[in-house]
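Structure record follows, encoded as C-alpha cells.
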Amino acid sequence: MANFLENTPTNCAEIRDNTLNDEVLKKVFQFCLEGWPSSLAGDPDLGPYARRRDELSVQDGIILWGIRVIIPQALRSSLLKELHTNHTGSSRMKELARSYLWWPNLDQDLEDVSASCDTCLEHRSMPPKAELHPREWPRAP
C-alpha cells in the first residue's frame, strides 16, 4: 500500500493543507462554512466558485463541487502532468479530469498542455487520406 501512495501525484492531507494556504480557496472554504456574502465585487477570482456556491461543500477540510475535488493552485501543475502522462489528447484528459477534480479554467489548462506537447501534436488524430477513385462511366443508357 505504501508503494501505491508514493506514486500518486497528491493525497488528501496535501490537498487540505494547500487549500488552507491558497488565498482564494481559503475564502471559498470559509464561505462554504459560514455562508456566502451578497456581493463579491472587487474579487473576480471568486466568481467561478460563487456561480457554483449551492453545489460546493466541505468534507474533511477539502472543498468539493458535487463529487469532484477542487484542487488548490499549488497542486494543479502536478495533476496536469499526471493527466497528460499517456498523451491521450485533450478530450480524454478532460473526460478523466471532469470525473474527479475541478478548478477554474481546467478545460483551457488541459488544452494548453496538449497543444504545447510535441508528442501529442505529432500523433493527434488526423483524417485518413482518401484515395482518389475515378467514377466509372456507364456503358449503356
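Restricting to the range 91-118, give me the number of residues that are without any contact (Cβ under 8 Å) to a residue 12 or more places away in the chain and of a type in the set (Ser, Thr, Tyr).
Within the range 91-118, residues that are without any contact (Cβ under 8 Å) to a residue 12 or more places away in the chain and of a type in the set (Ser, Thr, Tyr) number 2.
Got a number for residues in the range 84-108 being in a loop (DSSP other than H, G, I, E, B) and either in contact with a strand residue (DSSP E or B) (Cβ under 8 Å, 6 or more places away or on another chain) or among the acidic types (Asp, Glu) (or both)?
Count: 1.
Would you pick out the residues in the range 59-88 that are farther than 23 Å from CYS32 by Cβ and touching a helix residue (DSSP H, G or I) at 6+ places or on another chain (Cβ under 6 Å)?
Correct list: LEU80, LEU83, HIS84, HIS87.
Give the residues of the range 79-90 that are under 10 Å from the mean Cα position of the chain (by Cα) and touching a residue at least 40 places away in the same chain (Cβ under 8 Å), sorted by residue number.
LEU79
Does the range 48-65 hold any residues that are over 24 Å from PRO9 (Cβ atoms), without any contact (Cβ under 8 Å) to a residue 12 or more places away in the chain and either within 17 Å of the chain's Cα centre (by Cα) or surrounded by 10 or more Cβ atoms within 10 Å (Cβ to Cβ) (or both), and which are they?
Within the range 48-65, ARG51, GLU55 meet the criteria.
Give the residue that is modelled with the lowest pLDDT, with candidates limited to residues of the range 31-47 that are farther than 24 Å from SER77 by Cα and open to solvent by 90 Å² or more (accessible area, probe 1.4 Å). Explain how you work it out, then say what you get.
From the range 31-47, those farther than 24 Å from SER77 by Cα are 31-42; that's our starting set.
In the following step, the residues that additionally are open to solvent by 90 Å² or more (accessible area, probe 1.4 Å) were identified as 33-34, 38, 41.
Details: LEU33: 93, GLU34: 92, SER38: 83, ALA41: 68.
Ranking the qualifying residues of the range 31-47, first place goes to ALA41.
Hey, could you check the range 109-120 for residues that are surrounded by 11 or more Cβ atoms within 10 Å (Cβ to Cβ) and in a helix (DSSP H, G or I) and say which is modelled with the lowest pLDDT?
Per the criteria, the residue is CYS120.
I'm trying to understand the selection: among the residues of the range 66-99, which are among the aliphatic types (A, V, I, L, M) and exposed (fewer than 13 other Cβ atoms within 10 Å of the Cβ)?
If the condition is that a residue be among the aliphatic types (A, V, I, L, M) and exposed (fewer than 13 other Cβ atoms within 10 Å of the Cβ), then ILE67 is the only one that fits.
Among the candidates GLU14, GLU23, single out the residue that is surrounded by 12 or more Cβ atoms within 10 Å (Cβ to Cβ), acidic (Asp, Glu), farther than 20 Å from GLU111 by Cβ and modelled with pLDDT of 90 or more.
Being surrounded by 12 or more Cβ atoms within 10 Å (Cβ to Cβ), acidic (Asp, Glu), farther than 20 Å from GLU111 by Cβ and modelled with pLDDT of 90 or more holds for just one of GLU14, GLU23, which is GLU14.
Name every residue in the range 66-78 that is touching a residue at least 24 places away in the same chain (Cβ under 8 Å), farther than 13 Å from ALA97 by Cα and not in a helix (DSSP H, G or I), in order of residue number.
Within the range 66-78, PRO72 is the sole residue that qualifies.
The values are calculated or read from the model by the stated rules, or taken from the named source; none is laboratory data. These figures come from a predicted structure and were not determined experimentally. Don't worry about glycine lacking a Cβ; one is built from the backbone with ideal geometry, like all the others, and counts go over all protein chains shown. With ligands, DNA and RNA removed, areas are computed over all heavy atoms of the protein, side chains included. Shrake-Rupley method; radii C 1.70, N 1.55, O 1.52, S 1.80 Å.
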